[in-house]
1. In the range B:154-163, is there at least one residue being part of a loop (DSSP other than H, G, I, E, B), closer than 30 Å to residue A:234 by Cα and over 22 Å from the mean Cα position of the chain (by Cα)?
2. In the range B:271-290, what count of residues is obtained for those that are closer than 25 Å to residue B:184 by Cα, within 12 Å of chain A (Cβ to nearest Cβ) and crowded, with 24+ Cβ neighbours inside 10 Å?
3. Kindly indicate whether residue B:253 is within 30 Å of residue B:319 (Cα to Cα) and within 20 Å of the chain's Cα centre (by Cα).
4. Just give me the residues in the range A:278-297 being part of a loop (DSSP other than H, G, I, E, B) and facing chain B (nearest Cβ under 10 Å), in sequence order.
5. Return the residues of the range B:219-270 that are surrounded by 13 or more Cβ atoms within 10 Å (Cβ to Cβ) and part of a loop (DSSP other than H, G, I, E, B); say none if nothing qualifies.
6. Taking the range A:287-300, which residues are in contact (Cβ under 8 Å) with a residue 24 or more places away in the chain and under 22 Å from the mean Cα position of the chain (by Cα)?
7. I'd like the full set of residues that are over 29 Å from the mean Cα position of the chain (by Cα) and facing chain A (nearest Cβ under 10 Å), limited to the range B:318-351.
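The values are calculated or read from the model by the stated rules, or taken from the named source; none is laboratory data. Since we're looking at a predicted model, the values are computed, not measured. We place every Cβ from the backbone using ideal geometry, glycine too, and count neighbours over all the protein chains shown.
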């Protein structure tokens, strides 16, 4: 047991644990902050996975073509929003089941990006590293929070913006009202399905940005396996966080901790069975939801389609 | 509101479906052309690989069988209004159970084959049961838990395959390969029926038989009625005495059982698609996902799932021939995705049209 304790102390005192943790958390938080808005509007998009992957792919192709990071990031956003468009229009303009559409999109995008990746083979690289003076010198977490590649810092803008948008604007109030009681919202003159579509477009934009961040801020090249189910962890983070922004970000950090722990254990040379370790983030996510999911109150109309006159 | 399925309505359905499917196919063809390929050879290769070349129909049927089994299970859970999307993991865990207990019990003969199938179903049901427990005890949405359990299940089985006290074959049986189980003995494999050069695995008949049974059970029994009531209106079901936990958990576990059965059938059936009667990492090879898509396209009708499974299996067996045309075989994943998406459109459009018609009729009357 002494060895185990020593290993945990070793992992927790290693700077790379925090740097990786911050990268993983940021990736999840890009997607989760958008998904939070979408879920507060009463939709549940399992196509987040597809949005992230498409965003990563279009960003990679964007850089390959334009060699400009800002343009590539923008293309990542567009990619995410294209998937959001299919999800939103099919399930909240037409009335196809949102889970069916989301699932199909995930599988379609996996095949499509894999196919196109082999045809195009986009060349990409990491964006430049920005060290924030003074802050990045904080021991242990300084480099993790303030010494990353610049797309990372977009998150510091996105999260407060999401909070403002959802909780301080009329639009945000309407979003929350269609998620709680779409019938009342409808009667008071809000176009329920229009607000829902908009919320999904927002999720698509932030997830697309998250995908682009993954390429330019963390990995540096595209593969069809780079998202690897983490879109679902982002959705779990929203539920884990009880549909609040603070809780969602906390969920992202905890789940990212499990992802980073896994890397550090191997990186520091400890012998742990790699299969069991790989399922750790998913186990932590499941256990986290099992502990917290029943204590929080979900948006009352979550995952219930709205058709006027049908209840 | 349901409308009579006659006259112009049938025409509308047909037109909508034809247009959607054509759009999906044309989009796929454009993609092939745009990436420097030719669509005609791809179509030919797909047809050769799936039905035209000798023996390929048997392969396609054999590939369709586990997809069909997965789809039947999915239909049961979605009738109850539950969204189980973890079939890929349930199938893999089921196959692992079948392997472990198949060797534990040992012994030749038909009885052991049946036991292998049953243990596969139990394994799948238990793995889906985890999601049921999480849902009804801890309120975790089954959409997410079943999905996260796919990865966990995959890694657990991979762990089992690395441990000789669980699934790993003894050194003499595996040469220098890692992470493989022993091969099922000759007498423990599912039989095949030979019809005009095609070897048709037993699982095909099992699948079709079960599709009929489930279709009848859902439409003609009290149990099926209660399940459907739970799916259509949980509150009304609760009021009229359908215990949500009991029926819901049963539905999820049954759908897991069918996925597990598919896994066991793949193990004991072997053949072109599913290897050498032994368990390896990645054994499930997306059959669970594809089976799920089959169920979605079949729109909760077990009998419709039979031809749909055949078409999707054809895309899969055909894809191995596509490589020779210079177009990547993964194009079939894309075609499949476009097709599924296209098939979602007509029902959604018709639903809205029906509602509009009903509204117009109501305003006319007043």
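1. no
2. 1
3. No, not satisfied.
4. Across the range A:278-297, the qualifying residues are A:279, A:293, A:294, A:295, A:296.
5. The answer is B:233, B:242, B:243, B:270.
6. A:288, A:289, A:292, A:293, A:296, A:297, A:298, A:299
7. Passing the criteria: none in range.
Residue-by-condition table, conditions (1) without any contact (Cβ under 8 Å) to a residue 12 or more places away in the chain; (2) buried (at least 20 other Cβ atoms within 10 Å of the Cβ); (3) more than 22 Å from residue B:308 (Cβ to Cβ):
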{"residue": "B:50", "(1), (2), (3)": "no, yes, no"}
{"residue": "B:61", "(1), (2), (3)": "no, yes, no"}
{"residue": "B:86", "(1), (2), (3)": "no, yes, no"}
{"residue": "B:92", "(1), (2), (3)": "no, yes, yes"}
{"residue": "B:98", "(1), (2), (3)": "no, yes, yes"}
{"residue": "B:101", "(1), (2), (3)": "no, no, yes"}
{"residue": "B:109", "(1), (2), (3)": "no, no, yes"}
{"residue": "B:136", "(1), (2), (3)": "no, no, yes"}
{"residue": "B:139", "(1), (2), (3)": "yes, no, yes"}
